[in-house]
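Shown next, in structure tokens, is the structure this report addresses.
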Amino acid sequence: MRDKLAAMLTMQDEMNTKVHSEWKEQGFEWYRAIWTECAELMDHYGWKWWKKQDPDFEQVKLELIDIWHFGMSILLLSGKPVDELTLGMEADLDASKAEGCFREAVETFACDTLSSKSFNVARFAAVMKSAEMNFDDLYLGYVGKNVLNFFRQDHGYKEGSYIKQWNGREDNEHLVDIIRTLNPNCDDFKDQLYAGLKTKYTELNA
């Protein structure tokens, strides 16, 4: 787990640097992105008692992966070495337990985020467990989304020229399809995934 946490922290720093070379000095409100994502994942899970709603766990997990991006960015701002950060993260992930129902776990995490303007790994892990999401789910989902984010940036996302709908389906959906054809334990998994996205993007948007 520690090696995978270190890999994700490094990837997040690289992604943030690609968006802005001096991202750590910009004062971005990462905590605000987190609680906003909490509201979105609550919608995917369902909270309206006046209508029938079935939890969409795939979308819930995607929102949690997005929150993980923002949370790691906050942790990186501490200036602590990656190996020191991973020790604390690993301990929090291992020790956390699901707290009550999913909605309450999300609210507890969101309240903590708003009050502290930071990222509580243990609270986040409690939400994960309430959603029946394990660490391997988080890692694979994160690596996939990170590669997609790099792909988007390389193909005009920031400039507005990137095409997000490929032949009537969102790039996120194509990402999932491509991941299913690959072995995530391969050393060049990221490279294979990027190449797969490029091939599919070219084919469908020619």
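The values are calculated or read from the model by the stated rules, or taken from the named source; none is laboratory data. Note that the structure is predicted; figures quoted are calculated from it, not measured. Heads up, the Cβs are rebuilt from the backbone with ideal geometry, glycines too, and the neighbour counts pull from every protein chain shown. When the accessible area is computed, the model is the full protein with side chains, heavy atoms only, and any ligands, DNA or RNA have been set aside. Shrake-Rupley method; radii C 1.70, N 1.55, O 1.52, S 1.80 Å.
Amide H contacts of residue 56 (H built 1.01 Å from N, in plane; Pro and chain starts excluded): 45 sit under 5 Å, all sequence-distant by 5 or more or on other chains.
The Cα-based radius of gyration and maximum Cα-Cα distance (Dmax) for the stretch 50-166 are 16.0, 49 Å. Entry note, the chain: the mean residue ellipticity at 222 nm calculated from DSSP H runs of n ≥ 4, each adding -39500 (n - 2.57), is -22000 deg cm²/dmol after division by the residues and rounding to the nearest 500. Proximity of backbone amide H atoms, modeled 1.01 Å from N, is registered between residue 166 and 171 at under 5 Å, excluding neighbours fewer than 5 places apart on the same chain. Size of the stretch 119-206: Rg and Dmax of its alpha carbons, in Å, are 14.8, 45. Dipole size of the chain about its Cα centre, with +1 on Lys/Arg Cβ and -1 on Asp/Glu Cβ: approximately 380 debye, rounded to the nearest 20. In order along the stretch 74-82, the Karplus-derived 3J(HN,Hα) couplings, from 6.51 cos²θ - 1.76 cosθ + 1.60 at θ = phi - 60°, round to 4, 4, 5, 5, 5, x, 6, x, 4 Hz, and Gly and Pro are given as x. Separation of the stretch 66-117 and the stretch 39-54, taken as the distance between their Cα centroids, equals 23 angstrom.
Around the amide H of residue 157, modelled in the peptide plane, lie the amide H atoms of 162, all under 5 Å away and 5 or more residues distant in sequence or on another chain.
Give me the net charge of residue 164's neighbourhood, meaning all other residues with Cβ under 12 Å from the Cβ of residue 164; Lys, Arg count +1, Asp, Glu -1.
Charge balance in the 12 Å sphere: -1.
For the stretch 91-206, the carbon plus sulfur part of the accessible surface works out to 47%, probe radius 1.4 Å. Cross-link check: pairs 61/97; 18/80; 52/164; 51/129 evaluated at a Cα-Cα cut-off of 24 Å; pairs beyond the cut-off: 52/164; 51/129.
Residues in the stretch 164-169 carry Karplus couplings, in order, of 8, 9, 9, 6, x, 10 Hz; the curve used is 6.51 cos²θ - 1.76 cosθ + 1.60 with θ = phi - 60°, and Gly or Pro positions show x. Could you state the accessible area per residue of the stretch 119-206 in Å², with a 1.4 Å probe and every protein chain left in place? Using a 1.4 Å probe on heavy atoms only, each residue of the stretch 119-206 averages 52 Å².
The length gained on full extension between residue 22 and residue 187, counted as 0.36 nm times the residue separation minus their Cα-Cα distance, comes to 56.5 nm.
Taking every alpha-carbon pair under 8 Å whose residues sit at least 6 apart, the chain reaches a relative contact order of 21 percent.
Calculated on the Cα set of the chain, radius of gyration then Dmax: 17.3, 49 Å. Taken over the Cα atoms of the stretch 1-104, the convex hull encloses 118 Å³ per residue. Rounded to the nearest Hz, the phi-derived 3J(HN,Hα) couplings of the stretch 140-154 under the Karplus curve 6.51 cos²θ - 1.76 cosθ + 1.60 (θ = phi - 60°) are 4, x, 5, 4, x, 5, 4, 4, 5, 4, 4, 4, 4, 4, 5, where x marks glycine and proline. Might you tell me the accessible area per residue for the stretch 1-100, computed with a 1.4 Å probe and given in Å²? So the stretch 1-100 comes to 56 Å² accessible per residue, rounded to a whole number.
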